[in-house]
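Trainee: Attaching a single structure in structure tokens format; questions to follow.
The values are calculated or read from the model by the stated rules, or taken from the named source; none is laboratory data. Computed from a predicted model, the values in this text were never measured in an experiment. Note that each Cβ is placed from the backbone with ideal geometry, even for glycine, and that neighbours are counted across all protein chains shown. Side chains are part of the model used for accessible areas, which takes the heavy atoms of the whole protein and leaves out ligands, DNA and RNA. Shrake-Rupley method; radii C 1.70, N 1.55, O 1.52, S 1.80 Å.
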Amino acid sequence: MHGGLMFVIGENTLVSLDVLEKEFCCDLDSCRGCCCIEGDAGAPLTDEEEQKIQEILPILLPDMTKEAKAVVEAQGIAYNDPSGERVTSIVNDKDCVFARTDHNGWCYCLIEKAYNAGKIDFKKPISCHLYPIRLTQIGEYTGVEYHRWDICHCARMKGKKLHLPVYQFLKEPLIRRFGEAWYQELELTANEWKKQCAQK
């Protein structure tokens, strides 16, 4: 995954060129939030996030499915995936325990729903908020890389139509994770790269 050009932003992050150049914009009318219920592992969690979700679990439990409640009761809100990373527990080897599907087939996050209703002060795991960016460890650096998933084809098409680069689409979560100054540096780097490409 680390084969392409990367830019040093801040003191310890490496941002892939794809984050600056690829275009992306979630198209929920088309995908209906299926990223929460597809895949073979849950969403990566930091230790702090796991602790926070454990604290707010009593608020989330009433809206969780019977199957999700059973999984949480049996193994907790998180588990170690094959790589050893802590991720949210899943139902039927694919659905996040905090995902629900409404009568129209739209998938939504119970954590984000509670946040939007003002019940909690935690929006959702940063790994969910940042997608299609994934954070990886590259030596002493945090890699900020674009992840391509077939189910997000509609988002790539919408992003292309809007001419919206990944880093601009994800401005809010990138600032949440790395800070305003870091994002401003990323913007400057992206603009300089565009200028260089235009001169070639």
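Trainee: Looking at Cys107, Cys154, which one is touching a strand residue (DSSP E or B) at 6+ places or on another chain (Cβ under 6 Å) and in contact (Cβ under 8 Å) with a residue 40 or more places away in the chain?
Mentor: Cys107
Trainee: Being part of a helix (DSSP H, G or I), out of contact with any Asp or Glu (no Cβ under 6 Å at 6 or more places or on another chain), open to solvent by 60 Å² or more (accessible area, probe 1.4 Å) and under 18 Å from Ser16 (Cα atoms) is the requirement here; does Glu192 meet it?
Mentor: Taking the combined requirement at face value, the residue satisfies it.
Trainee: Right, another one. Confirm whether Lys124 is assigned to a helix (DSSP H, G or I), touching a residue at least 12 places away in the same chain (Cβ under 8 Å) and under 18 Å from Leu61 (Cβ atoms).
Mentor: Spelling it out, it is not the case that Lys124 is assigned to a helix (DSSP H, G or I), touching a residue at least 12 places away in the same chain (Cβ under 8 Å) and under 18 Å from Leu61 (Cβ atoms).
Trainee: I've got another one for you. Of all residues in the stretch 131-190, count the ones that are of a type in the set (Lys, Arg) and modelled with pLDDT of 95 or more.
Mentor: 3
Trainee: Of all residues in the stretch 75-102, which are open to solvent by 60 Å² or more (accessible area, probe 1.4 Å) and assigned to a loop (DSSP other than H, G, I, E, B)?
Mentor: Selection gives Pro82, Ser83, Glu85, Asn92, Asp93, Lys94.
Trainee: Would a scan of the stretch 103-121 turn up a residue that is loosely packed, with under 15 Cβ neighbours inside 10 Å and part of a helix (DSSP H, G or I)?
Mentor: Checking the stretch 103-121: at least one residue is loosely packed, with under 15 Cβ neighbours inside 10 Å and part of a helix (DSSP H, G or I).
Trainee: Looking only at the stretch 31-61, which residues are over 18 Å from Glu85 (Cα atoms), at pLDDT 95 or above and surrounded by fewer than 20 Cβ atoms within 10 Å (Cβ to Cβ)?
Mentor: Once the filter is applied, which keeps residues that are over 18 Å from Glu85 (Cα atoms), at pLDDT 95 or above and surrounded by fewer than 20 Cβ atoms within 10 Å (Cβ to Cβ), the stretch 31-61 yields Glu55, Ile56, Leu57, Pro58, Ile59, Leu61.
Trainee: Which residues, taken from the stretch 71-91, are free of Cβ contacts under 8 Å to residues at least 40 places away in the same chain and closer than 19 Å to Leu61 by Cβ?
Mentor: Val71, Val72, Glu73, Ala74, Gln75, Gly76, Ile77, Ala78, Tyr79, Val91, listed by residue number.
Trainee: A further question on this structure: Return the only residue of Arg176, Arg148, Arg134 being open to solvent by 90 Å² or more (accessible area, probe 1.4 Å) and touching a strand residue (DSSP E or B) at 6+ places or on another chain (Cβ under 7 Å).
Mentor: Arg134
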